[in-house]
1. Between VAL91 and LYS222, what FRET efficiency comes out of the Förster formula 1/(1 + (r/R0)^6) with R0 = 30 Å and r the beta carbon distance, rounded to 0.05?
2. How do THR83, THR61 line up, fewest other C-beta atoms within 10 Å first?
3. What does the highest-first list of 150-158, 231-239 look like by mean Cβ count within 10 Å?
4. Under the classification rounded if a/c is under 1.5, otherwise prolate if a/b is larger than b/c and oblate if not, where does segment 54-256 fall, given a ≥ b ≥ c as square roots of the Cα gyration tensor eigenvalues?
Amino acid sequence: MFKFLSTSKSVFRGISLLPVATLSLLSLGTLASKPVQAAAFSNGGFESDFTSWEITGDVSTKGTFNGFAPTNGSNQALLTTATTFRDDDNVGEGAYNFSGTDATIATINNAQLQAFLGLENDALQIDTPLTEPLGIQLDSKEGSAIKQSFSFEHDFNLSFDWKFLTNDGNTSPFSLPSDRAIVTISDGTDTVIDTFAQSVGDFADSLTSPEFDQKSQGRFSKNLAAGDYTVGIAVYDVDGTDKTSALLIDNVAVEKSPASVPEPDNTLGIIAAAGIGYLTKRRRDNSTPRA
Ligand SMILES: [Ca+2]
Ligand SMILES: [Ca+2]
Ligand SMILES: [Ca+2]
């Protein structure tokens, strides 16, 4: 609804636009009705399928898929941008759909995927260097997501292994980016979107399901402050509903950050200085002639 919000990585809710008086009332109300603390994070390896997770779209668990073995245990999560009824990849209807459930609609006017992730309707639109000066954004179309709410009482690190699989090579004369994989991190006040993989390039090789055309992989890692969070992971089609992309996710970890230690040199220096001061005082005391 507000264009400038979607260009920011941080998508603030409309609450900031309410009058101050209303805001303070809402704040009091929020404090008074603070929900029971969320559960601890669990099942980050999908060994119990999607226990503790909420899912939307074409989401399933797999063993080894497209040559990628689970990085933890024997299951990994697979999310795609494919429907069961459309021939997204010109190899047959639903050829790249693996759950039997359609990808969730993610258009501005029917923003079901955005709603699942707690985002504004236009939050998944994409600016490109070529289209932004013209005031044009590439549209989000459809995709799938998983999310989990949890609380953690210490500062912590969120990390997971990902593989981004895509058939979406851009075939226009301009190499515009397309399908995206994102993580959304909400602390209940605002939601930050991090894009960790995106289809870029020009390729249109012949396809044989379930094999995808292009593959990349990595491990996402981010340090967060103690608190209550909802973390979502999603993959979605950009600009067109065709040319499926997918995401393999495993080994999602929420781990206490190592205790922050002051600069070692300074610490030693301070201890040494204190020690020298103490010794000096002792010596001075010892050397004081007795009366
Ligand atoms: Ca696993
Ligand atoms: Ca699709
Ligand atoms: Ca696509």
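Any read-out appearing in this document is the output of simple, stated calculations on the displayed coordinates, not a laboratory observation. Just so we're clear, the structure is a prediction, and the values are computed from it rather than from any experiment. Note that each Cβ is placed from the backbone with ideal geometry, even for glycine, and that neighbours are counted across all protein chains shown.
1. Details: r = 36 Å, r/R0 = 1.21.
According to the calculation, E is roughly 0.25.
2. Numbers: THR83 23, THR61 20.
The fewest-first ordering by Cβ neighbours comes to THR61, THR83.
3. Working: 150-158: 16.4, 231-239: 26.0.
Most protected by this proxy first, the peptides run 231-239, 150-158.
4. Values: a/c = 1.69, a/b = 1.25, b/c = 1.36.
It is oblate, given that a/c is not under 1.5 and a/b is not larger than b/c.
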